[in-house]
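The values are calculated or read from the model by the stated rules, or taken from the named source; none is laboratory data. Note that the structure is a prediction, hence the values are computed from the model and not measured. With ideal geometry, Cβ positions are generated from the backbone for all residues, glycine too; neighbour counts draw on all protein chains shown.
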Amino acid sequence: MKKTDLNKDRATLTDFLKTWPLERIEKMSLDEYVNVKDPETFCQYVETKTRPLGSIKGLNSIKFGIYKRGDKKKRPKNAVSDDSHSWLSYFGEKKNVAFESIKSELIKIIESAQRLDLEKIDDIHLHSIFKWKIAFLYSNEGFIPIFKKDALHLIAENLGLAISKNTKYSEIHRFIAKTKPIGISVYDYMRKLYSEYRIEQESDKKDKQVNSTKRKARKATGQRNTSSQNRKGTREYVAEQFHNELQEKLEKFLSDKYGVDNVVLEENYIDVKLTLKNEIRYYEVKTAGFAEDCIRQGLGQLLSYVHYENDKRKKKLIVFGKNKPNDQEVDFIGFIKSQFNKVDFEYLSLTEIENE
């Protein structure tokens, strides 16, 4: 499989996140959410402008929960309608009430995705293909961007997951994520799986040609936004609040176990520093969904802390992330540990400290 341009994929994601931060979602109007012939709405960004990051093409607009009809006389039978819009009755009998309910669901999806609490997304009532695309876009690349039910089931079953009518989407996403090889992006792994199981990502050649043109335009847009706005990169920009929550949980765990006087936060840029009688431990907190990505982001920082440390005690470097490593990541961690002679290295997950 030919690798694609990861910078292009992340430029597309960055453009989306800078255009639609959570703060804007909270204040978003109905016309900003969905409209007719407006490529700048939230729904158009999710479905069309970010299509290279995972397609949700194929279902009608009711998947958005509410939509504005191009033909005002054409009212769908499976929805509530007024003169301009149609929406699912679950969200309310009045248009404004329905939209506020949908917006509340969006916020829950985003907040859960940023914390990688995928199980909370299962019970949200927006269409699965739409809500999981949104979840991925705000998850800091926390799982594999495959959203269509048939594709998910086919891939997961072939990878070894026994699927029943009670299997949750979150379970499928976590299972597929655990199979991602080291050294491949979530986007390339998605494309590899589509290719391996011969699943069409687009319905016809014309759509692929249109997508190619749009992707070129999005790349330029992403570069402009990145250079003109003084904001952090994609992962840090989305996950700053989640980083702080992880840091606080780690601080509490270490303080309870070793004593509060031995734990220091943000000393010389170190996320958490633990000082013991014969050892100093440096913890770098990372919010990526995969242990491999957390380690790639944090290891260089940890080594710099040791370089500038004058204390002669033994040093231990620990990257702290949300999720436990999969089997391939365990091998990766073992390889890193085998390369160090003077310092120890570990990867620690929130799951592990919560179960201790």
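Here are a few things to note about the model shown:
- Test for LYS316: is it farther than 24 Å from ALA113 by Cβ, at pLDDT below 95 and assigned to a strand (DSSP E or B): yes
- Residue in the stretch 97-113 that is out of contact with any Lys or Arg (no Cβ under 8 Å at 6 or more places or on another chain) and either in the same structural domain as LYS322 (by TED's automatic domain parsing) or not in a helix (DSSP H, G or I) (or both) present: no
- A single member of SER195, SER212, SER255 is polar (S, T, N, Q), closer than 21 Å to PHE143 by Cα and either modelled with pLDDT under 85 or part of a helix (DSSP H, G or I) (or both), and it is SER195.
- Residue within the stretch 346-356 that is outside any helix (DSSP H, G or I), at pLDDT below 90 and over 20 Å from the mean Cα position of the chain (by Cα) present: yes
- Answer from LEU116, LEU13, LEU17, LEU88 - the residue that is closer than 25 Å to SER170 by Cβ, surrounded by 13 or more Cβ atoms within 10 Å (Cβ to Cβ) and free of Cβ contacts under 8 Å to residues at least 60 places away in the same chain: LEU88
- Top-ranked residue in the stretch 131-163 [being more than 14 Å from the chain's Cα centre (by Cα) and buried (at least 22 other Cβ atoms within 10 Å of the Cβ); ranked as farthest from TYR90 (Cα to Cα)]: ILE155
- Scanning the stretch 49-67 for residues that are closer than 18 Å to TRP132 by Cβ and either surrounded by fewer than 17 Cβ atoms within 10 Å (Cβ to Cβ) or touching a strand residue (DSSP E or B) at 6+ places or on another chain (Cβ under 7 Å) (or both) yields LYS57, GLY58, LEU59, ASN60, SER61, ILE62, GLY65.
- Qualifying residues in the stretch 283-332 (those that are in contact with a helix residue (DSSP H, G or I) (Cβ under 7 Å, 6 or more places away or on another chain) and charged (D, E, K, R)) - the one farthest from GLU240 (Cα to Cα): LYS315
- SER104 being of a type in the set (S, T, N, Q), farther than 29 Å from PHE335 by Cα and in contact (Cβ under 8 Å) with a residue 24 or more places away in the chain: no
- Residue list for the stretch 161-186, filter: over 12 Å from PHE290 (Cα atoms), touching a helix residue (DSSP H, G or I) at 6+ places or on another chain (Cβ under 8 Å) and not β-branched (Val, Ile, Thr): LEU161, LYS168, TYR169, SER170, HIS173, PHE175
- Restricted to helices (runs of 4 or more DSSP H) entirely inside the stretch 126-192, those with at least 2 residues that are over 26 Å from PHE16 (Cα atoms) are 149-159, 169-178.
- Pairs, first without any contact (Cβ under 8 Å) to a residue 40 or more places away in the chain in the stretch 165-194, second of a type in the set (Gly, Ala, Ser) and surrounded by fewer than 19 Cβ atoms within 10 Å (Cβ to Cβ), C-beta under 9 Å, six or more apart: PHE175/GLY160
- The set of residues in the stretch 301-313 being touching a strand residue (DSSP E or B) at 6+ places or on another chain (Cβ under 9 Å) and not in a loop (DSSP other than H, G, I, E, B) consists of GLN301, LEU302, LEU303, TYR305, VAL306.
- Looking only at the stretch 260-269, residues that are surrounded by 12 or more Cβ atoms within 10 Å (Cβ to Cβ) and at pLDDT 90 or above come to 4 in all.
- Evaluation of LYS63 against (1) touching a residue at least 60 places away in the same chain (Cβ under 8 Å); (2) assigned to a loop (DSSP other than H, G, I, E, B); (3) more than 30 Å from ASN323 (Cα to Cα) (one fails), failing number: (2)
- Any hit, the stretch 123-130, residues being touching a residue at least 12 places away in the same chain (Cβ under 8 Å), assigned by TED's automatic domain parsing to the domain that holds GLY54 and closer than 25 Å to VAL330 by Cα: no
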